[in-house]
Amino acid sequence: MKTFWLTFLLLVSPLVIAQEAAPSGELAAAAQLAAILEQTRTLRADVAVLTLDQDGREIQESTALLVMQKPDHFYWEILSPYSETMLTNGERIWRYEPDLEQVTVEHFDNDINRTPVMLLNGDAADIAESYTISSADMDAGLLARFILYPKANDSLFTRLSLTFTGSSLEEMQFEDSLGQKTSLTFSGLESNAAIDPGTFEFHMPDDVEIIDNTQ
């Protein structure tokens with residue numbers, strides 16, 4: 001599950017078209033993705049998560065709540081089949097595991113090569129520099145899908161796809177180097193609504209073990 005957390009964090013800020021040389025199709029796809037992502041400043045959504053092994057067998061199915069605010073704030077709470085919360089204020093990231101009565105604190109890393117939800121927050125120049133991007137229209141142009149392959153050898157995943165209806169994110173899928181596939185399906189989206197700043201501040205529970213890796 002730790003790999004999922006690290007990988008989930010790569011997607012989320014407005015894009016700017018890359019200035020360095022790249023194939024025109026790739027630049028066009030990056031520009032199209034940038035234009036879509038720039039329309040969303042905040043997002044709240046229910047998320048259905050399905051993880052499959054390399055043979056297509058189900059490993060886990062869960063539901064979660066995602067709240068994000070550009071450029072670097074997000075809240076992720078797993079609701080079932082167990083409880084777990086991760087959130088960041090752009091400086092630190094907290095992971096609370098109630099079953100273990102444990103909280104882990106880390107410095108927040110917004111490297112989009114290591115943290116895929118920051119891609120939703122990422123700047124287009126960084127995305128185009130970090131990924132090979134292609135796009136395709138589906139369902140008579142109602143859906144747009146972007147396929148991203150990381151250029152860095154140390155990326156936590158080998159392939160990422162994002163599917164949008166207009167500017168609304170419908171689905172995110174990624175595959176790691178072992179062939180494990182994770183799909184996130186978004187519903188009940190609320191875009192660009194005001195979000196309480198307290199959503200991204202962690203309040204330490206009583207009687208938990210604290211693993212503070214920021215010291």
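The table below gives the values:
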item: Residue exposure sequence - Thr158, Thr163, Thr88 - by fewest surrounding Cβ within 10 Å; result: Thr158, Thr163, Thr88
item: Neighbour-count ranking [beta-carbon atoms within 10 angstrom, fewest first] of Ser135, Ser191; result: Ser191, Ser135
item: Gap separating the Cα centres of the stretch 24-75 and the stretch 159-201, nearest whole Å; result: 2 Å
item: Glu91, Glu26 arranged by Cβ crowding within 10 Å, fewest neighbours leading; result: Glu91, Glu26
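Every number here is computed from the coordinates shown, using simple stated rules; none is lab data. These numbers were taken from a predicted model, which means no experiment stands behind them. Glycine also receives a Cβ, built like all others from the backbone with ideal geometry; neighbour counts cover every protein chain displayed.
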